[in-house]
1. Is it fair to say T192 is in a helix (DSSP H, G or I) and within 23 Å of E235 (Cβ to Cβ)?
2. Tell me which residues, restricted to segment 190-207, are buried (at least 16 other Cβ atoms within 10 Å of the Cβ) and of a type outside the set (G, A, S).
3. Looking for whichever is over 24 Å from E232 (Cβ atoms), at pLDDT 95 or above and either of a type in the set (D, E) or out of contact with any Leu (no Cβ under 7 Å at 6 or more places or on another chain) (or both) here; the options are K175, K132, K115. Which one fits?
4. What about L19, is it touching a Pro at 6+ places or on another chain (Cβ under 6 Å), under 23 Å from E260 (Cβ atoms), surrounded by 19 or more Cβ atoms within 10 Å (Cβ to Cβ) and of a type outside the set (D, E, K, R)?
5. L245 is checked against (1) in contact (Cβ under 8 Å) with a residue 60 or more places away in the chain; (2) surrounded by fewer than 18 Cβ atoms within 10 Å (Cβ to Cβ) and fails just one. What number does that condition carry?
6. For segment 175-189, which residues satisfy the criterion of being under 20 Å from E29 (Cβ atoms) and either surrounded by fewer than 16 Cβ atoms within 10 Å (Cβ to Cβ) or not hydrophobic (A, V, I, L, M, F, W, C) (or both)?
7. If I go through segment 162-221 residue by residue, how many of them are more than 20 Å from S101 (Cα to Cα) and without any contact (Cβ under 8 Å) to a residue 60 or more places away in the chain?
8. Does segment 238-247 contain at least one residue that is under 15 Å from G87 (Cα atoms), assigned to a helix (DSSP H, G or I) and in contact with a Ser or Thr (Cβ under 7 Å, 6 or more places away or on another chain)?
Amino acid sequence: MISYLSRNLEGNQNKPLVLLLHAFPLNAEMWLPTLILFGNKDWPILAPTVYGTNGSEEKKNWNFTQYASELIELARYIGYQKVIPIGVSMGGYVAFEILRSESESIAGLVLCNTKGESDTEEGKKQRDSLIKQIEERGNQVCIEQNLPKLLGHTTKTNNPELSIDLGSLIKTNRKTSLIEQIKALKNRNDSTELMKGIKQPTLVIAGNEDELMSPEVVKKIYEGIPETTKKEFIEIQKSGHLSVLEQPEHFHRSVEKFIEPFMNSMWD
């Protein structure tokens, strides 16, 4: 069972369901501002949590393919045949897996601060090291090592409270869940070839201060999508890896402009 936060699920099945897919090592609560903002527009929204967080069933050795399949099953169960995944970082990898196995279910796609490449061998070794440290010291390791890389220097200087809030959010996640997420990240599929077949309108968002995934890395997604597909690339200034939280006005304005046509005309 997958737990989730949601808005406006009843009576909106004629619209595509907006799927808010969270980053590591956070959970669906990172989307609370988005749920409020877009929820006020009467859009159907679902923000799921990965296995083992916020009440979701705990699983061992799960992968993004399995999780993506269960998300689509959930969407159909509550009456939605089409979805618009909005994936940030790890959430982008989940969106790619929905695209891989359930392409016909996707109306549009928003990929934020993410990439299509799988882990390098060096990257996998770093994941293994992180797992070992979490086994020994718990989720404090993610606060010390991952959290500083999530935010751009402008945010760290001008909005230090956000770092504190995110640290508190990370503390709510069990270390066993964090370890299983890292395994899924380590073993994820490469999606560079998948991009070549994207036909759905796609918005790609990067942060100019993102030290985990530079704008150049994120833009490879945009460049890999066929020119015949409606697509857009946006680089948000003064933002690191979490554009949705660091520059929420710019982020939400851009995403709202992208999604609005689907809600107003495409599915009436």
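1. On the way: in a helix (DSSP H, G or I): no; within 23 Å of E235 (Cβ to Cβ): yes.
No: the conditions fail for T192.
2. L194, M195, I198, Q200, P201, T202, L203, V204, I205
3. Values: K175 fails: at pLDDT 95 or above; K115 fails: over 24 Å from E232 (Cβ atoms).
The conditions single out K132.
4. yes
5. (2)
6. Answer for segment 175-189, where residues must be under 20 Å from E29 (Cβ atoms) and either surrounded by fewer than 16 Cβ atoms within 10 Å (Cβ to Cβ) or not hydrophobic (A, V, I, L, M, F, W, C) (or both): K175, T176, S177, E180, Q181.
7. 14
8. Yes, some residue in segment 238-247 is under 15 Å from G87 (Cα atoms), assigned to a helix (DSSP H, G or I) and in contact with a Ser or Thr (Cβ under 7 Å, 6 or more places away or on another chain).
The values are calculated or read from the model by the stated rules, or taken from the named source; none is laboratory data. Bear in mind that the values here come from a model prediction, so they are computed numbers and not experimental data. Cβ sites come from the backbone with ideal geometry, for glycine too, and all protein chains shown count toward neighbours.
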